[in-house]
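For reference, the structure is listed below as structure tokens.
Nothing in this text is a laboratory measurement; each read-out follows from the coordinates by a stated rule. Values in this document were obtained by computation on a predicted structure and should not be read as measured data. Neighbour counts are summed over all protein chains in view; Cβ atoms, including those assigned to glycine, are modelled from backbone coordinates with ideal geometry.
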Amino acid sequence: MGKKSLTVIAAMVSMLLLAAGCGGTAETEKEIRLGATAGPHAEVAEAVAREAGKQGIKVKVVEFSDYVTPNQALADGDLELDSYQHEPFLRNFNKEKGTDLSPIGTTILMRMGIYSDKVHDVASVPEGAKVAIPNDPTNGGRGLVLLEKAGLIKLREGAGFKATVQDVVENPRHLQFVELEAAQLPRSLSDVDIAAITMNYVMSGGLDVEKQGIFLEDKSEPLAVMVLAARTKDKDKPEYRKIAEIFHSDAVKEFIAEQYKGTIVPAE
């Protein structure tokens, strides 16, 4: 074989190696788009993105203002991951929209709690107390379940999170239920004895969890635990699993502690 042929072959091999190297670099540096709703979810996602960057993983946070678009964007391939919902919401979305999304890790806790400006513990809730709960079906039922777990009422067996005030079968303190828009609940505390309020409105309403919160959902409550979601076919990708781990890293835990002062805490 002549020198010219050897030179051509060597050049071709070099080009192939270079192409392979470039392909590998592009794959390694591929940006992972992480969808999150505005507020705490997006803020925590940004903290995750910063930490992921230190570990060589490029994460771009894409912010949304509603609760439908992120999952649809994930299903359509416009996102690789999203972080803003609990698992029951995700399951229901899959059922209604025919999507195939799966949780791959937990992120933060957004617990509902019973709050009051008048009483300091559940045992002190008076006879005939006015109790405010959200008037939307999901959170109204969630509030009633919370009141049951606090020992204040008993619901019809099987009512669960779909419960309404008509499902209250035992009300020993003769509580009076006041159903309000969820966003109005923090301001209602001057007019009622206790109120069941979700954490997002606790934060926007400037409530103090330690001083005004008298009973909180358990840390394992499905509606309190937010999840990181991916397309089911991609759920075992190592880089996605790594991002799920970063949500529980010391750096992100420190950010959450400093930013939210106990209103929001890392999920377990």
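3J(HN,Hα) along the range 250-262: 4, 4, 6, 4, 5, 4, 4, 4, 6, 6, 10, 6, x Hz, from the Karplus curve 6.51 cos²θ - 1.76 cosθ + 1.60 with θ = phi - 60°, whole Hz, x for Gly and Pro. Axis of helix 3-28 versus longest Cα principal axis of the chain: the two differ by about 10°, to the nearest ten degrees. Taking θ = phi - 60°, what integer Hz values does the Karplus form 6.51 cos²θ - 1.76 cosθ + 1.60 yield along the range 152-160, in sequence order, with x for Gly and Pro? Once θ is set to phi - 60°, the couplings for the range 152-160 become 8, 9, 10, 9, 4, 4, x, 5, x Hz. Per residue of the chain, the DSSP helices (runs of n ≥ 4 H) give a summed -39500 (n - 2.57) that works out to -12000 deg cm²/dmol at 222 nm.
Just the number: Rg to Rh for the chain, Cα atoms, Kirkwood Rh, two decimals. Result: Rg/Rh = 1.18. Among the GluC sites (Glu not before Pro) within the range 139-180, those in coil by DSSP and having at most 15 neighbouring Cβ atoms inside 10 Å are 157. Around the amide H of residue 155, modelled in the peptide plane, lie the amide H atoms of 169, all under 5 Å away and 5 or more residues distant in sequence or on another chain. Backbone geometry of the range 129-137 corresponds, through the Karplus equation with coefficients 6.51, -1.76 and 1.60 at θ = phi - 60°, to 3J(HN,Hα) couplings of 4, 7, 10, 8, 10, x, 9, 8, x Hz, x marking Gly and Pro.
Distances longer than 18 Å among the Cα atoms of the range 113-216: what percent of all pairs is that? Before the final figure, lay out the partial values.
Numbers: 2065 of 5356 pairs.
The proportion of pairs with Cα distances above 18 Å equals 39 percent.
In this structure the amide hydrogen of residue 106, modeled in the peptide plane, comes within under 5 Å of the amide hydrogens of 228, none closer than 5 places in sequence on its chain. Can you give me the long-range amide H partners of residue 135? Hydrogens built in the peptide plane at 1.01 Å from N, cutoff under 5 Å, separation of 5 or more residues or another chain. Amide H neighbours of residue 135: 180, 181, 182.
Mind checking the dipole of the range 113-216: about its Cα centre, +1 per Lys or Arg Cβ, -1 per Asp or Glu Cβ, Debye to the nearest 20?
On the way: 10 positive and 14 negative charges, 24 e Å.
So the dipole magnitude of the range 113-216 works out to roughly 120 debye.
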